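Working notes, beginning with the structure itself.
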Amino acid sequence: MSIDVEIVSRPPLLAAAIRVPRDGARVREAWSKLESLLEDHPAVLERDFGYVFVPEWQWATEVTMLWVGVSVNGFEGLPAGLETLTIPARQFARTRVIGDAAMMRQTYDGLAEWFRSGPYERDVDEGVLGFERNALTPVNPFHIPANVIDTFDFEIYAPIKGLKAIGSEAFPGILGAEVRKGRTRRIVGIELAVVDRKKNGVRPEQDIPRFWQSVMPRLSEIRDRMPPYGTIGLYSYEPPFGPGQDFRYFAGAEVESDSEAPLPEGMSERTIPADDTLVVTYRGKADGFGRAWDFFHGYWYPQQADFDAIHDYEFERHDERFLGPDREASVFELHFPIRPRVRDTRLTEKIVVDEKGGHALQDLRGERLRMVSFQGADFLGIDMRQAKLRHVNFVGAELEHIYFADVRIDQMQMGGTVFERIRRPASAKSRLDGEPGTDGWVNVEPVVFRDSDLGEARFESCDLRNATFDGCRLDGARIDGILVTELLEAYRKTT
């Protein structure tokens, strides 16, 4: 069974718990005792979630014991009869169980297979605990007898030890990965646009090798080539970045930095910036080198904290080790640009866990900030629900991937502002029963512009189906070059 698994980082977790044999009835007895011991106790941190802690080292044989517990803010003053558990900050593989007992077993089996066949190693060392996180609302599953409960809905957190060794079955074809100092490169060659893949039937793993067949005979026309005489394929991207996106592919060769030689007919020049790169060395046929991308974007990058990826471009480099696109023994390099990660500034030591992504956020809920300059600051992963922004200067700011629903904007000057790729959720009606901003929460209520000056605005390639314009000045407004006032006048004459 295939399951959805996310890699999440969680802050330290302190818990007060009761150890029990692995038995549904005993688990519920322990929960009842916890409730009586900790009712209204100030140490309890989350009253909407209950935990079942699992000894990971027992998976090798059979899990025979569990701990039933709640998260607490400290161990001082806890009642007698409780054990204290400390789960350190670390990465977990998180998945969700939704269904009956058979589905629960299948999910656990699927998670075991995910670890077995994937690049991550599960931490099953002695003393390491994983856990199940159960929502206690709207129904507390611990209140339903074990022989009665027939539907489960909880999250599994399995601790990750790290990546398996390169060269294992988890990374077929990957020979190594290292950070290299970057330098500026001048490339002369020919460009291929890879756009509208589904519409045009484009398959980069096939089309790019074919493109090289037309480029290779012309490489001898390039003067002042830089030794060693390899070739470079440059991938250039534009936001939004992600799998399956359009890109431009530039196939060519590196030339001397001071070359003044004329460009061959039909060729152009590109410059690769002097960014450091993570160089992944791959061996295999060209149609399988997507594994190098999978290794970087799916495995290497998420598990480290020293570098940020530069998403605008990547490049491949071929030298004498490359024997052809259809040779299993071909070796080439994929260069992924990176920059040292600037350490986050901490404004508070308080932490709250984002339930959508499982991320640990600095907890500034309810705080008030006045007269602050954030000029040039970089905000990522910010929860601004119900926040109030007044007298804020956003000149030159960039906002990307924003969940903007039920927002009220009053008195905004936005000359020169560009709105791109604004989308309505693909839903016929709103679903507001989930947590705002999560995948289960969808708002398709209309966007309203009221008493606003949109003079000189331009709407390009926009979906305005069922849009309503009431009481608006339309002097000089045009649709596909035709004055709206003329269209309205022509309509009036025909009705």
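The values are calculated or read from the model by the stated rules, or taken from the named source; none is laboratory data. Note that the structure is a prediction, hence the values are computed from the model and not measured. All Cβ positions, glycine included, derive from the backbone under ideal geometry; neighbour counts span all protein chains shown. The protein model used for the area step is the full one, side chains on, heavy atoms only, and it has no ligands, DNA or RNA in it. Shrake-Rupley method; radii C 1.70, N 1.55, O 1.52, S 1.80 Å.
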> Restricting attention to the stretch 46-69, which residues are surrounded by 14 or more Cβ atoms within 10 Å (Cβ to Cβ) and free of Cβ contacts under 8 Å to residues at least 40 places away in the same chain?
Replying inline: E46, Q58
> Of all residues in the stretch 389-403, which are open to solvent by 100 Å² or more (accessible area, probe 1.4 Å) and within 23 Å of G376 (Cβ to Cβ)?
Replying inline: R390, H391, N393, F394, V395, E398, L399, E400, H401
> Between a first residue in the stretch 142-160 that is touching a residue at least 60 places away in the same chain (Cβ under 8 Å) and a second residue that is part of a loop (DSSP other than H, G, I, E, B), which pairs have beta carbons less than 8 Å apart while being 6 or more apart in sequence or on different chains?
Replying inline: F142/L136; A146/D23; P159/D123; P159/V128; I160/D123
>> Among the residues of the stretch 444-451, are any in contact with a strand residue (DSSP E or B) (Cβ under 7 Å, 6 or more places away or on another chain) and closer than 30 Å to E238 by Cβ?
In response: no
>> Looking only at the stretch 285-318, filter to residues that are open to solvent by 20 Å² or more (accessible area, probe 1.4 Å) and of a type in the set (A, V, I, L, M, F, W, C); which one of those is farthest from the chain's Cα centre (by Cα)?
In response: F289
> Take the residues of the stretch 182-209 that are surrounded by 12 or more Cβ atoms within 10 Å (Cβ to Cβ) and assigned to a helix (DSSP H, G or I): which is modelled with the lowest pLDDT?
Replying inline: R197
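Do you know which residues across the stretch 328-343 are assigned to a loop (DSSP other than H, G, I, E, B), open to solvent by 70 Å² or more (accessible area, probe 1.4 Å) and modelled with pLDDT of 80 or more?
Residues of the stretch 328-343 that are assigned to a loop (DSSP other than H, G, I, E, B), as a first pass: 328-330, 341-343.
Then keep just the ones that are open to solvent by 70 Å² or more (accessible area, probe 1.4 Å); that gives 328, 341-343.
If the condition is that a residue be assigned to a loop (DSSP other than H, G, I, E, B), open to solvent by 70 Å² or more (accessible area, probe 1.4 Å) and modelled with pLDDT of 80 or more, then E328, R341 are the ones that fit.
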> V124: farther than 27 Å from G288 by Cβ and either of a type in the set (A, V, I, L, M, F, W, C) or surrounded by fewer than 19 Cβ atoms within 10 Å (Cβ to Cβ) (or both), yes or no?
Replying inline: yes
> Which of the following residues is touching a Pro at 6+ places or on another chain (Cβ under 6 Å) and modelled with pLDDT under 95: A177, A165, A170?
Replying inline: A170
> Restricting the search to the stretch 447-462, which residues are open to solvent by less than 100 Å² (accessible area, probe 1.4 Å) and not polar (S, T, N, Q)?
Replying inline: V448, L454, G455, A457, C462
> Somewhere in the stretch 128-136, is a residue under 24 Å from the mean Cα position of the chain (by Cα) and at pLDDT below 90?
Replying inline: no
> Is at least one residue of the stretch 154-176 over 30 Å from K285 (Cβ atoms), buried (at least 18 other Cβ atoms within 10 Å of the Cβ) and of a type in the set (D, E)?
Replying inline: yes
>> So the check is Cβ under 7 Å with 6+ separation or different chains; which pairs have a first residue in the stretch 216-236 that's assigned to a loop (DSSP other than H, G, I, E, B) and a second one that's open to solvent by 50 Å² or more (accessible area, probe 1.4 Å) and not aromatic (F, W, Y)?
In response: D224/E256; M226/E256
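Among R450, R421, R390, R408, which is farther than 20 Å from T468 by Cβ and modelled with pLDDT of 75 or more?
Numbers: R450 fails: farther than 20 Å from T468 by Cβ; R421 fails: modelled with pLDDT of 75 or more; R408 fails: farther than 20 Å from T468 by Cβ.
Result of the check over R450, R421, R390, R408: R390.
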>> I'm trying to understand the selection: among the residues of the stretch 28-57, which are within 37 Å of the chain's Cα centre (by Cα), within 19 Å of G74 (Cα to Cα) and not hydrophobic (A, V, I, L, M, F, W, C)?
In response: P42, E46, R47, D48, G50, Y51
>> Being within 23 Å of the chain's Cα centre (by Cα) and either at pLDDT below 75 or open to solvent by less than 60 Å² (accessible area, probe 1.4 Å) (or both) is the filter here; which residues of the stretch 344-361 pass it?
In response: D344, I351, V352, V353, D354, E355, K356, G357, G358, H359, A360, L361
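Please work out which residue is surrounded by the most Cβ atoms within 10 Å (Cβ to Cβ), limiting yourself to the stretch 70-84 and to residues that are over 18 Å from L129 (Cα atoms) and either free of Cβ contacts under 8 Å to residues at least 24 places away in the same chain or charged (D, E, K, R) (or both). Break it down into steps so the answer makes sense when it comes.
Start the filter on the stretch 70-84 by keeping residues that are over 18 Å from L129 (Cα atoms), which leaves 73-81.
Subset that is either free of Cβ contacts under 8 Å to residues at least 24 places away in the same chain or charged (D, E, K, R) (or both): 76, 80.
Numbers: E76: 7, A80: 5.
So, considering only residues that are over 18 Å from L129 (Cα atoms) and either free of Cβ contacts under 8 Å to residues at least 24 places away in the same chain or charged (D, E, K, R) (or both), the one surrounded by the most Cβ atoms within 10 Å (Cβ to Cβ) is E76.
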>> I'd like to know if the stretch 1-13 contains one or more residues that are among the small types (G, A, S), open to solvent by 30 Å² or more (accessible area, probe 1.4 Å) and either under 30 Å from L163 (Cβ atoms) or assigned to a loop (DSSP other than H, G, I, E, B) (or both).
In response: yes
>> Testing D308 on (1) touching a residue at least 40 places away in the same chain (Cβ under 8 Å); (2) part of a strand (DSSP E or B), one condition comes back false. Which one is that?
In response: (1)
